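Since the structure comes first, as structure tokens, the remarks are kept for the end.
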Amino acid sequence: MTKIDRRAFIKYSAAAGAATAFAASGISAGAQEISRTQQGQRMALLMDNSLCVNCQSCRVACQNENSLPVSEKYIRFDYVDSGTWPDVTHHVNRHSCQHCADAPCVDICPVEALFKGPQGFTHLDFEACIGCGGCLMVCPFEVPVISEEPASGKPKMYKCTACRHLISQGKKPACATTCITNAVDYGPWDEMLSKAEKRVEALRKQYPQASVYGKTQQDGLGLLLILRTPAQEYPHLI
Amino acid sequence: MGIDRRTFLSHTAKAAVAAAALGVIDMRVWAQTVQDAPVVKKPSLCNMCTSECGMHIHVKNGRPWKVTGHPDHPVSRGKLCPRAHAGLHWIYDPARVKTPLKRVGEWQFEPISWEQATDQISDQLKRIIAEHGTESVFGAQYPRTTGSLYLNRLMHALGVSTTQSHEATCQAGRRIAMSHTFGAAFDADWENSDYLLFIGRNMGEAVRTASATAFAKAIERGAKVVCVDPRLSQSAAITEWVPIKPGTDLALLLALCNVLVTENLFDRQFISNHTNGFVPFRRHVVQYSPHWAEEITGVPAEKIRQIAHEMAAAAPHCAVDTGWKAAVGSCYANSTDTGRAVAYVNGLLGNIGQRGGISVPPGVVFATPQFPAPSAPTAPRNDGVGTEYPLASAESGLPHLTMQRAKEGKVKAGFIRHFNPVRSFPDYDHMRAGMRALDLLVVFETHMSETAIEAHYILPEPSFAEREEVVKAVGDTVAMRTKAIDSVHPQTKSFDEIITMLAYKLGVGEYFSFTLDQWNEALLADQPFSLADLKRAGTLAAEVSDEPVLPAGCGSLIPPEQQAPKERPRAFLVSGGDRNPVPQLFTPSGRFEFYSQRFANAGFEPIAKWYPPKTGLDLGSAEFRVVHGKQAYHSHVATNNIPILAQITKDYDTNRLWMNRSRAEQLGISDNDTIRMRARNGRTAEARVMVTERVHPDMLFSPAGYGNRTPYYKTSKELGGFNPHDLAEYQHETISGHTMMSELIVEVERA
């Protein structure tokens, strides 16, 4: 266990004690988690698209980790090609829940199925979700997908939950663990941001418009992106 | 507390069963019980491609739940590619072979007992050997420790010389090339390199996990990484891309040699102390100027000169990656010599055994088990290795030539394990006809592959999660696969059991007087840990010698008696210093050989010279060269039947042929159109195209691994897709005998 993991783990353990107390007091699940946010350390997933080879390992690891049906995936990709042969460029970008600090989906969810966790990620109470699609209407990044859950036959919303069951134990989300090019990292938000800024500085020698995406959008994103070209070129970024 | 999807799933799907079985009424309590069940992590090796990444299978409630990379294993280093994750879905695949099967008609089988199957096989094999001799038999496999031990030992015990692998469709050319220049097919030290040049190799999509990690680390560290490729691959997309006309890499490499030599940029000290044949080589490459190469390759002369100068400046901490299949393996008539030219550039840069250069690390050498062993057979081979192909690999053989002999009635029996040459070799009709001409074909498989369904007997093995195997030396570690779960199909038998059973029936049981555990213990005799330790850990650091240990299929092809006697270490751990000692190489001289006497003796050019692909470089106005390559989420026509991987193909529509946009416009073809292809040999096929700027105008890029023909693969059938082996014809390259997979030209029209 690394220092960072350990720290997160200890903080969570402390929070878990408080959560038990809340459970006894009958406060709703969502309210408990929000209270933890104040105690937990803000964490981030960092996606360095400049190292991604589009191997899809994160997607499949995530599907196994979260027992998703074959046709559902929390991680998708956008591709942007430009130029003409032989002066062509190809860029990829991970398209999955950006984990907005100011998350409109959490605000609109009528059943409080969506809630913020102590590390700042947007989690989903899968059982509570009624698949109404409200989140889909307000998501700035067109992330939520509503599908029928095969086992129950009920409509449900699918989106990345930042592997809540792992991060709550101080572990990394499955995508960060498996990534074969270390394009995905997970750690304290500030550390991830400074790592990203350093990397972007190096990238700017070759890609003058390289940037970190997610420092300010929606008051900061839990999924930070390193982009080699301007964000507006990608279909799901604003 | 919110309910995650994992818990929710257990809850809804199993609630009824749970309530009945356990008397649990509160579903949340049950869900929590399922979630909280202990997870046992069993060490294993992935089975989805050649690399066998070390991993842990997480078993919960008796079922594998997920896999994670083994942190100590040198090929995975804690990471796994998508195929490894999807491999779990193979274990419970309904299409698995569950009992021994006997052929009763065209692709039709009925169950047979092990006793009957092995009796019938041994009776028939004895008769075939009595009537046609041991040269009429072959054994072939995807070469891994257990198969290499048991199948080859059985063949040798019977006096059969022809043992084969997939290499003629893989790195056959590279292995001969590297063996005859610097002794063996060593990799580059990617992670620590300052400058890496890749010739067609696509590290991000043709994945060996830790190699891809090292590749990305070099990029992240700021090393210059250049990918020469006729296509903007995912690897090229994150590095500097140098587009090239397909089949012309040899010209580019010879021009790099030219610049290094004529502009005095080579490593004089290395050349004089550690190489042979530099003088004739220097004379030879003078003709290959960058301007000459620009005409052939389309790479600007100035770019060629720039690469040579940059590499010389970074030397010796730089490398031309030694490739795998692609341009240097089995694609073109000139692939073997392209491989030699890769080696020449490295020789000129003096990077052998240097940090960031060609890596020659020490490895683990096992003790030799002392059980009675059969002597090496003396019977002639049936695939021309050692005769028509004096330099070709006897370990790997030439299965496509064996199928030709089978069609001629000279080969009668074959034993094939975990290998699907009917679909994975060019010319499906040729390979299938060869198999069907056999009197006895026995296939050891977990799945009903294209090769299995041509067999007279299919003998089923447990999946990788259910069996143990012979231990494996991987770099400076030893790794093994352990039994993670109980047998899913009780009628399956592990390969060691099957072969031992067959050996006794064939009268050669004396060579199998050991159990798998006893064999493994004997291999580990010199190691500081026991077999039990290894079974617990999966991967353990081991004693290393001063000999390098290479992955299967990468070792030297110079016979030991023709190698220079060992005078100094043949491997060194690369230190942080500027210069490391140069190891003794496995060549006849022990030095780097620009001039190969063995090539000359075999009737080949002692120094590689330029020649174009067999199909030439001039294409008709509607002609294209078909070149295939990997996607990271499929391998070897074996995975597109796995729904979770097939879904990626569906989501992104990635089993289309890539066609250059301007060529498409000239031919009136639009994105997603179906095209009709007619090969120069007259064969035809149809496929959908993706029109893109990312591919060379001469080339149709065919994503590999699609187009299964076995009716037993339902997902694959639904997915569809083109496989160029349906159009390619049986052919063999001159030096290594490989299959020349990209010597395939088609004329295209809109269907």
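Some observations on this one:
- No other residue among B:K650, B:K630 is crowded, with 19+ Cβ neighbours inside 10 Å, out of contact with any Phe, Trp or Tyr (no Cβ under 7 Å at 6 or more places or on another chain) and within 13 Å of another protein chain (Cβ to nearest Cβ) apart from B:K630.
- Candidates B:K224, B:K217 - the one that is under 19 Å from A:L203 (Cα atoms), within 14 Å of chain A (Cβ to nearest Cβ) and in contact with a strand residue (DSSP E or B) (Cβ under 8 Å, 6 or more places away or on another chain): B:K224
- When B:V259, B:V242 are checked against the criterion of being touching a residue at least 60 places away in the same chain (Cβ under 8 Å), of a type in the set (V, I, T) and not assigned by TED's automatic domain parsing to the domain that holds B:R423, a single residue qualifies: B:V242.
- Test result for B:W90, surrounded by fewer than 23 Cβ atoms within 10 Å (Cβ to Cβ) and in contact with a helix residue (DSSP H, G or I) (Cβ under 7 Å, 6 or more places away or on another chain): no
- Every residue from segment A:170-199 that is part of a loop (DSSP other than H, G, I, E, B) and either at the interface with chain B (Cβ under 9 Å from one of its Cβ atoms) or more than 17 Å from A:C62 (Cβ to Cβ) (or both): A:G170, A:C179, A:I180, A:T181, A:N182, A:A183
- Condition met for B:K493 (of a type in the set (K, R), outside the structural domain of B:S51 (by TED's automatic domain parsing), in contact with an Asp or Glu (Cβ under 6 Å, 6 or more places away or on another chain) and in contact (Cβ under 8 Å) with a residue 24 or more places away in the chain): no
- Some residue of segment B:484-498 being charged (D, E, K, R), in contact with a helix residue (DSSP H, G or I) (Cβ under 7 Å, 6 or more places away or on another chain) and buried (at least 24 other Cβ atoms within 10 Å of the Cβ): no
- Where B:G247 falls short, out of the listed (1) away from chain A (no Cβ under 14 Å); (2) out of contact with any Cys (no Cβ under 9 Å at 6 or more places or on another chain); (3) of a type in the set (G, A, S): (2)
- Any hit, segment A:109-122, residues being under 28 Å from B:T68 (Cα atoms) and within 10 Å of chain B (Cβ to nearest Cβ): yes
- Residue ID - farthest from the chain's Cα centre (by Cα), chosen from residues in segment B:310-356 that are charged (D, E, K, R), in a loop (DSSP other than H, G, I, E, B) and surrounded by 24 or more Cβ atoms within 10 Å (Cβ to Cβ): B:D321
- Wholly enclosed strands (runs of 3 or more DSSP E) of segment B:42-153 bearing at least 2 residues within 14 Å of chain A (Cβ to nearest Cβ): B:54-60, B:63-69
- All positions within segment B:597-621 that are under 30 Å from B:T684 (Cβ atoms) and in a helix (DSSP H, G or I): none
- The listed residues are B:E263, B:E240, and the only one of them that is closer than 28 Å to B:G629 by Cα and of a type in the set (D, E) turns out to be B:E240.
- Per the conditions (1) at the interface with chain A (Cβ under 10 Å from one of its Cβ atoms); (2) part of a helix (DSSP H, G or I), the sole criterion not satisfied by B:M203 is (2).
- From the options B:T338, B:T297, residue that is of a type in the set (S, T, N, Q) and under 21 Å from B:F599 (Cα atoms): B:T338
- Residue in segment A:177-188 that is more than 27 Å from B:V75 (Cα to Cα) and at pLDDT 95 or above present: yes
- Of all residues in segment A:154-169 being more than 10 Å from every other protein chain (Cβ to nearest Cβ) and over 14 Å from the mean Cα position of the chain (by Cα), the one that is nearest to B:C53 (Cα to Cα): A:Q169
- Residue pairs meeting the criteria (Cβ under 9 Å; at least 6 apart or on separate chains; first touching a residue at least 12 places away in the same chain (Cβ under 8 Å), in segment A:189-210; second assigned to a helix (DSSP H, G or I) and among the charged types (D, E, K, R)): A:R199/B:E220; A:A210/A:R199; A:A210/A:E201
- In the set A:L203, A:L221, A:L136, only one residue is of a type in the set (A, V, I, L, M, F, W, C), over 30 Å from B:C53 (Cβ atoms) and surrounded by fewer than 23 Cβ atoms within 10 Å (Cβ to Cβ); that residue is A:L136.
- Residue list for segment A:62-78, filter: hydrophobic (A, V, I, L, M, F, W, C), more than 12 Å from A:R94 (Cα to Cα) and more than 8 Å from every other protein chain (Cβ to nearest Cβ): A:C62
- Output for segment B:528-544, where each listed residue is touching a residue at least 60 places away in the same chain (Cβ under 8 Å) and among the polar types (S, T, N, Q): B:T539
- Just one of the listed residues (B:A379, B:A314) is in contact with a Leu (Cβ under 9 Å, 6 or more places away or on another chain) and either closer than 30 Å to B:A168 by Cβ or not charged (D, E, K, R) (or both), and it is B:A314.
- Odd one out for B:R282, checked against (1) part of a loop (DSSP other than H, G, I, E, B); (2) farther than 29 Å from B:H696 by Cβ; (3) among the charged types (D, E, K, R): (1)
- Test: residue in segment A:134-153 that is at pLDDT 95 or above and within 11 Å of chain B (Cβ to nearest Cβ): no
- Among (1) among the aromatic types (F, W, Y); (2) outside any loop (DSSP other than H, G, I, E, B); (3) in contact with a His (Cβ under 7 Å, 6 or more places away or on another chain), the one test that B:F701 misses: (3)
The values are calculated or read from the model by the stated rules, or taken from the named source; none is laboratory data. Treat the numbers as computed from the prediction; the structure is a model and nothing was measured. For neighbour counting, all protein chains shown are included, and Cβ atoms are generated from backbone atoms with ideal geometry for every residue, glycine included.
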